[in-house]
Amino acid sequence: MSEMTEASVRAAVRVWLEANWTVDSGLIEWRNKLIDSGWGVPAWPEAWYGKALPAGLTAVVDEEFQRVGAVGVAKAGIRRLAAATLLAHGTQAQKQQFLRRSLSGEDTWCQLFSEPGSGSDLAGATTKAERKGNRWVVNGQKVWTTSAHHADWGLLLARTDFDVPKHQGLSYFIINMHQSGVDVHPLRQMNGHASFNQVFLTEAEVLPEHLVLDVGRGWAVATTTLMHERREADGVRAWGTASNRPGRIYDEERAENATVMEPYKWYPQRAGRVDLVIERAKAAGVNADPVIRQEIAKLLVLAKSAEWTARRARAAQMQGRPQGPEGSIGKLASSHVARAAARVHTSIAGADVMLMGEDGPMNGLIAEILISVPAGSIAGGTDEIQRNIISERVLEMPKEPRSDNDRPFRDVPKNLV
């Protein structure tokens, strides 16, 4: 495009949609056409299925797609993290193999980061990857792995060197989840869902060409993945939902979401459901109670402030500024909002908030909120980790004293279980 203005972009995408969009297409067929057009990820480089648009103009493309109800590329769940990470750090061959199939939805992903003995201290991972002949061989255990039970590929952080400081001994791999050395076990949560899994890796193999970046550079790659994850953990972005419109492509999108988005269906409850508090106060007859009204007002102010902070971060992204610690600010704010919302729901419902099922408020939905909210303070990096990032990278305070950063990882005491 010779001149990239809002008007020219809007006109171009509108012409393309009028010529190509139809609800009678198959989902994968449509997405591949969309990928070839460049309108699926218009801010990406032209060499990789984009149009190199300034990030600020992508909203115009989204508006035109929404106007006609056109389905976009597959970006929900871990797929978006995999695509963003490989776009930034992957080799030409890796991009050729994985980017298109991730955008089309033909490949699904999981994130093999956390371990039982090193949750918040991600750099303390002990899962081991050794080069044996023409393969990397992996042994270890991962936990809290969303979607591992149906993933085709995993983003794996593993230790390749125990004799250097912990951040320097990690490498980042793409691992095939459909092999005998990968054993996945779902974990049942206290809210009744089973989104997460523990994954046992026993002599699992990784092709040498599936090493991302270089040996020992895994921490840099993992940081990119985490920054994208935290930037989208602020509770404002809607999780992938399919349209209820009729048509083949919508039917196939709904079928896809029933599998891919199943692990995430409780995430709105994890965020506290601020949207329900006024409705709930009226239904419970306490909307005139001055104490409850004050608590609701405090919550709405906190939620709106967090939303504005998140929008500022997105505006920076749309201006082309790199991922930064603002993702940690949004992540921390979202967990504060969720906890405040849980307290307000409790004040409104009283003891009934403990009732699940038909006996509980909103058929147990409010109880689900209460037992789901704690996850927000843990997932994607605990609140404590986010505070450290903010203090060190935003406020430029002295770093937390550590005794393990300069020692060979082999000599660092481990919290093994």
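The numbers here are math on the coordinates, done by the rules we state, and not lab data. Quick caveat, the model's predicted, so the values are computed rather than measured. Cβ sites come from the backbone with ideal geometry, for glycine too, and all protein chains shown count toward neighbours.
Within the range 365-417, being of a type in the set (S, T, N, Q) and outside any helix (DSSP H, G or I) holds for Thr382, Ser403, Asn405, Asn415. Assessment of the range 63-76 against the conditions (at positive phi and hydrophobic (A, V, I, L, M, F, W, C)) yields no matching residue. Residues in the range 332-363 that are of a type in the set (S, T, N, Q) and surrounded by fewer than 23 Cβ atoms within 10 Å (Cβ to Cβ): Thr346, Ser347, Asn363. Within the range 256-282, restricting attention to residues that are touching a residue at least 40 places away in the same chain (Cβ under 8 Å) and loosely packed, with under 15 Cβ neighbours inside 10 Å, which residue is nearest to Gly72 (Cα to Cα)? Filtering first and then ranking leaves Thr259. Is it the case that some residue within the range 111-125 is of a type in the set (A, V, I, L, M) and either over 29 Å from Asp383 (Cα atoms) or touching a Cys at 6+ places or on another chain (Cβ under 7 Å) (or both)? Scanning the range 111-125, I find no residue that is of a type in the set (A, V, I, L, M) and either over 29 Å from Asp383 (Cα atoms) or touching a Cys at 6+ places or on another chain (Cβ under 7 Å) (or both), so the answer is no.
At least 2 residues being within 23 Å of the chain's Cα centre (by Cα) and in contact (Cβ under 8 Å) with a residue 24 or more places away in the chain is the threshold, and among the strands (runs of 3 or more DSSP E) wholly inside the range 47-163 those reaching it are 109-112, 135-142, 153-159.
The residue that is surrounded by the most Cβ atoms within 10 Å (Cβ to Cβ), counting only those in the range 5-25 that are closer than 23 Å to Tyr250 by Cβ and small (Gly, Ala, Ser), is Ser25.
A count restricted to the range 96-109 and to residues that are under 15 Å from Ile175 (Cα atoms) and surrounded by fewer than 20 Cβ atoms within 10 Å (Cβ to Cβ) stands at 2.
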